[in-house]
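Q: Structure provided below as structure tokens; questions to follow.
The values are calculated or read from the model by the stated rules, or taken from the named source; none is laboratory data. What you see is a predicted model; the values in this text were computed from it and never measured. Heads up, the Cβs are rebuilt from the backbone with ideal geometry, glycines too, and the neighbour counts pull from every protein chain shown.
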Amino acid sequence: MARNITKALRRAPQLLRLGLIAGIIVGAVGLPVAMAAGKTVKSGSELFLGLQNELNPVPAGQTSYVYASDGVTPITMFYEEYRKYIPLNEMSPYVTQAIVAAEDARYYDHKGVDFKGVARAFVANQTAGEVSQGASTLTMQYVRMALRDAAVKPDEVLSATEQTSMRKIREIRLALELEKTVPKQDILERYLNIAYYGHRAYGIFAAAQIFFSKLPSDLTLVEAATLAGLVKAPSAYDPASHDSTSALDRRNWVIEQMVKTNQVTAEEAAVAKEQPLALNVYEPPNDCISVSPDHNSWGFFCDFFKNWWMEQPAFGANPRQRLDNLRRGGYRITTSLDANLQETSMDAVTSRVRIGSSYAHGLVAVQPGTGRVHAMAVNRNYSLDQSGNGPHSDWSKRDEIPGNYPNTVNPLLGGGDLPGYQAGSTFKYFVMMAALDAGFSPNTSISSPNRLVSIYPGSPGEPSTCGTQWCPANASGAMAGVRNMWTGFGMSVNTYFVQLEQLVGADKAVKMAERLGLRWRSETDRHLSSTPELAAGWGSFTLGTADTTPLEMANAYAVAAADGVYCEALPVLAINHPDGSPVTVKDPEGNVRNVADPRCRQEVAPHVARAATDAGRCVTGYGAAGASCGGWSTASSVAGMVGRPVAGKTGTTDSDRTAWFVGYTPQLSVASFMADPDYIFNHVGFGNSQNPIAAAAQVLRAGTSPNTPGFSYP
């Protein structure tokens with residue numbers, strides 16, 4: 001008895017200190033906010049008035065998921081912090097049991113603050129002369145993490161995380177207030193979704209995926225205990241980055257705590273503690289550069305999607321805000337990429353020109369009437385690593401930079417800032433469309449010599465200049481004669497289209513190209529198109545001397561396929577918020593629409609588009625409905641390869657530096673090209689000019705069902 005009394009007397013000072021400290025803390029929490037020492041508390045109290053925003057139940061920085069057109073096949077993810085919010089009912093019961101046992105065994109007994117624990121930690125820390133114990137409840141920890149994640153300035157982050165008494169008192173007040181309005185289970189759910197587990201895993205969903213390649217609902221006792229053990233010191237206990245001994249010891253400690261909280265039996269704990277960690281580490285992809293190696297070609301489409309996103313006002317005031325929104329918004333994005341057609345497209349280009357070639361061979365496939373891009377393929381690897389690339393084609397740059405092959409992330413197909421490529425006679429399409437739009441008949445007949453003295457001024461010293469004038473010539477003497485739009489387009493008669501351009505006005509042709517989506521990239525093209533007067537003198541425009549991209553050309557020709565309807569190039573089918581609701585915007589008329597809806601307008605009359613298509617059928621060998629095609633054409637094999645009505649146009653530039661073919665059915669428009677992106681003056685050669693024709697035909701055949709309607713005519 002005397003021994004017990006003595007022991008009690010020895011403990012009296014400690015008990016007294018505990019009581020005093022607890023009283024002081026309670027008093028501090030209850031002090032009027034007007035007191036000077038309570039200014040920080042007042043700040044926290046005022047902040048609490050906006051808790052619905054500051055302590056949002058949906059954590060900041062949720063991952064956005066990007067899928068192919070089937071809505072199932074993943075392309076990549078975008079995130080600043082890999083995270084996905086999930087409810088408690090999608091977590092294994094072991095998850096909540098383990099985190100409570102590890103971090104706050106009295107969670108269900110207190111009202112946000114465990115004052116006994118606070119006092120006990122204070123005494124221990126004072127005795128040790130350093131922070132040896134913590135006393136934060138799960139609610140207080142959640143408050144701290146929520147304030148940290150809501151911070152937008154460095155001083156706000158510091159205020160939420162610094163080791164000070166005022167910060168602790170602020171957390172206490174907010175925790176007490178939070179538990180008055182939010183149920184325990186909801187706070188626990190928020191905590192588990194906001195906590196950092198190490199190894200770039202934010203929230204329990206990411207932790208389960210990264211460490212065990214599982215959903216949280218499938219976590220076992222030992223796995224849940226492992227993850228719960230990481231929260232205290234994610235870097236120190238990370239078993240995927242360090243020796244797993246500390247993580248194993250920590251896991252077993254958590255399991256012992258679960259025995260103390262009656263969540264598991266001693267027998268179950270003994271069995272669990274004998275099991276190895278058995279990690280199955282998953283490295284989540286992030287951004288376009290992390291597209292699966294099995295589908296590396298999707299990186300170019302992903303890059304187009306990302307650039308498109310950064311141009312959309314719906315996602316922010318500027319490109320930086322929009323990209324941040326993509327990385328933090330938790331969107332579910334179903335793109336327009338058709339995985340099967342993409343595979344066919346890659347086969348079409350790489351089977352003809354190998355990936356290691358300095359010449360780029362690529363194509364883009366667009367759906368007429370919607371602008372949705374179904375495929376983007378080029379004979380390149382999408383990769384930042386250019387250490388093993390071949391030499392640059394321009395000798396003057398060989399010592400400075402490597403070539404673009406076989407690895408690049410440059411947007412060779414469009415959707416970026418590269419100037420593009422001259423597209424040759426495919427530009428005759430814009431002159432023809434401008435003429436038809438101005439009321440000219442497809443039967444407009446013009447005597448077309450082998451060489452023409454045009455009304456446009458020449459350039460001294462150029463082979464195409466005679467005297468002071470520009471004097472273009474045909475590629476073959478067989479093209480000369482009286483031609484109309486059917487024969488002139490089918491045979492690609494230069495002198496016919498220069499004269500047609502003179503009749504309608506070169507400025508009208510340039511304007512038509514702009515109406516159908518072309519944007520001028522080079523300094524020369526921007527200058528010549530800047531005023532109607534300058535554009536009116538741009539005679540060589542009809543021969544494709546301006547730079548463009550396969551994306552622009554496929555979309556421009558899709559207008560003819562869609563009876564004159566122009567649609568912006570679009571990489572998405574649907575964009576949804578984390579709750580499943582679609583992202584909407586207001587159009588200029590104030591109408592609400594889904595941001596993923598096609599953006600289309602009737603740009604030319606249907607009869608104009610149909611007349612252009614009929615002339616385009618002459619090119620492919622299918623034959624026109626309105627007149628004779630003249631007996632031969634520049635791509636007469638295409639109709640047989642596609643196996644259904646098809647229109648299009650070939651194009652080459654001087655000395656076969658580039659080769660093009662743009663073909664379309666009512667269901668698909670494909671632009672294919674071949675060029676040297678490093679040095680455009682390199683010649684692909686006449687023999688390679690057939691590659692774009694064959695590649696586009698292969699994709700048109702695969703992407704167009706033989707049972708779908710053909711072209712319509714009045």
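Q: Tell me, yes or no, whether segment 614-631 has at least one residue that is out of contact with any helix residue (DSSP H, G or I) (no Cβ under 8 Å at 6 or more places or on another chain), within 30 Å of residue 330 (Cα to Cα), modelled with pLDDT under 95 and small (Gly, Ala, Ser).
A: Among the residues of segment 614-631, not one is out of contact with any helix residue (DSSP H, G or I) (no Cβ under 8 Å at 6 or more places or on another chain), within 30 Å of residue 330 (Cα to Cα), modelled with pLDDT under 95 and small (Gly, Ala, Ser), which makes the answer no.
Q: Moving to a separate point now. Out of curiosity, is residue 560 in contact (Cβ under 8 Å) with a residue 12 or more places away in the chain, over 26 Å from residue 377 (Cα atoms) and in a helix (DSSP H, G or I)? Spell out how you get there, then give the answer.
A: Working: in contact (Cβ under 8 Å) with a residue 12 or more places away in the chain: yes; over 26 Å from residue 377 (Cα atoms): no; in a helix (DSSP H, G or I): yes.
In short, no.
Q: Using beta carbons and a limit of 6 Å, which pairs, at least six apart or on different chains, have the first residue in segment 352-371 and under 11 Å from residue 667 (Cβ atoms) and the second one modelled with pLDDT of 95 or more and part of a loop (DSSP other than H, G, I, E, B)?
A: 365/668; 368/562; 369/562; 370/598
Q: Then there is this: Looking only at helices (runs of 4 or more DSSP H) that lie completely in segment 597-714, which have at least 1 residues being within 28 Å of the chain's Cα centre (by Cα) and without any contact (Cβ under 8 Å) to a residue 12 or more places away in the chain?
A: By residue number, no helices (runs of 4 or more DSSP H) qualify.
Q: Scan 235, 241 and give me the residue that is assigned by TED's automatic domain parsing to the domain that holds residue 145, at pLDDT below 95, among the hydroxyl-bearing types (Ser, Thr, Tyr) and not in a helix (DSSP H, G or I).
A: 241
Q: Limited to segment 355-399, what total is found for residues that are in a loop (DSSP other than H, G, I, E, B) and among the β-branched types (Val, Ile, Thr)? Before you say what the answer is, go through the steps one by one.
A: Keep residues of segment 355-399 that are in a loop (DSSP other than H, G, I, E, B), which gives 355-359, 367-371, 379-380, 383-390, 392-394, 398-399.
Cutting the leftovers down to among the β-branched types (Val, Ile, Thr) gives us 355, 370.
The total comes to 2.
Q: Applying the selection to segment 530-556, what residues are surrounded by fewer than 24 Cβ atoms within 10 Å (Cβ to Cβ) and more than 23 Å from residue 677 (Cβ to Cβ)?
A: 530, 531, 532, 533, 534, 535, 536, 537, 538, 539
Q: Within segment 331-340, identify whether any single residue is part of a helix (DSSP H, G or I) and more than 13 Å from the chain's Cα centre (by Cα), and answer yes or no.
A: Checked segment 331-340: at least one residue is part of a helix (DSSP H, G or I) and more than 13 Å from the chain's Cα centre (by Cα).
Q: Regarding segment 354-365, can at least one residue be identified that is crowded, with 21+ Cβ neighbours inside 10 Å, within 13 Å of the chain's Cα centre (by Cα) and closer than 23 Å to residue 71 by Cβ?
A: no
Q: Same structure again: Only residues that are farther than 16 Å from residue 98 by Cα and more than 34 Å from the chain's Cα centre (by Cα): list them for segment 237-267, please.
A: Answer for segment 237-267, where residues must be farther than 16 Å from residue 98 by Cα and more than 34 Å from the chain's Cα centre (by Cα): 243, 244, 245, 246, 267.
Q: Cβ contacts < 7 Å: first residue among the aliphatic types (A, V, I, L, M), restricted to segment 385-403; second residue surrounded by 10 or more Cβ atoms within 10 Å (Cβ to Cβ), any location; separation 6+ or different chain. Result?
A: Here the result reads 401/392, each pair linking segment 385-403 to a residue that is surrounded by 10 or more Cβ atoms within 10 Å (Cβ to Cβ).
Q: Of the conditions (1) buried (at least 18 other Cβ atoms within 10 Å of the Cβ); (2) at pLDDT 80 or above, residue 148 satisfies every one except a single condition; which number is it?
A: Result: residue 148 fails condition (1) only.
Q: In segment 206-232, what residues are of a type in the set (S, T, N, Q), under 24 Å from residue 265 (Cβ atoms) and not in a helix (DSSP H, G or I)?
A: 220
Q: A follow-up question, please. Run residue 415 past the list (1) in contact with a strand residue (DSSP E or B) (Cβ under 7 Å, 6 or more places away or on another chain); (2) under 26 Å from residue 72 (Cα atoms) and report the number of the one that doesn't hold.
A: Answer for residue 415: the failing condition is (1).
Q: Still on this structure, please answer the following. Taking the condition assigned to a helix (DSSP H, G or I) and either at positive phi or in contact (Cβ under 8 Å) with a residue 60 or more places away in the chain (or both), does residue 500 pass?
A: Yes.
Q: Select from segment 259-275 the residues that are touching a residue at least 24 places away in the same chain (Cβ under 8 Å) and part of a loop (DSSP other than H, G, I, E, B) and list them in ascending order.
A: 261, 263, 264, 275
Q: Of these, 441, 393, which one is more than 25 Å from residue 564 (Cβ to Cβ) and either touching a helix residue (DSSP H, G or I) at 6+ places or on another chain (Cβ under 7 Å) or small (Gly, Ala, Ser) (or both)?
A: 393
Q: Here is a further query. Restricting attention to segment 324-352, which residues are out of contact with any helix residue (DSSP H, G or I) (no Cβ under 6 Å at 6 or more places or on another chain) and of a type in the set (A, V, I, L, M, F, W, C)?
A: 333, 339, 346
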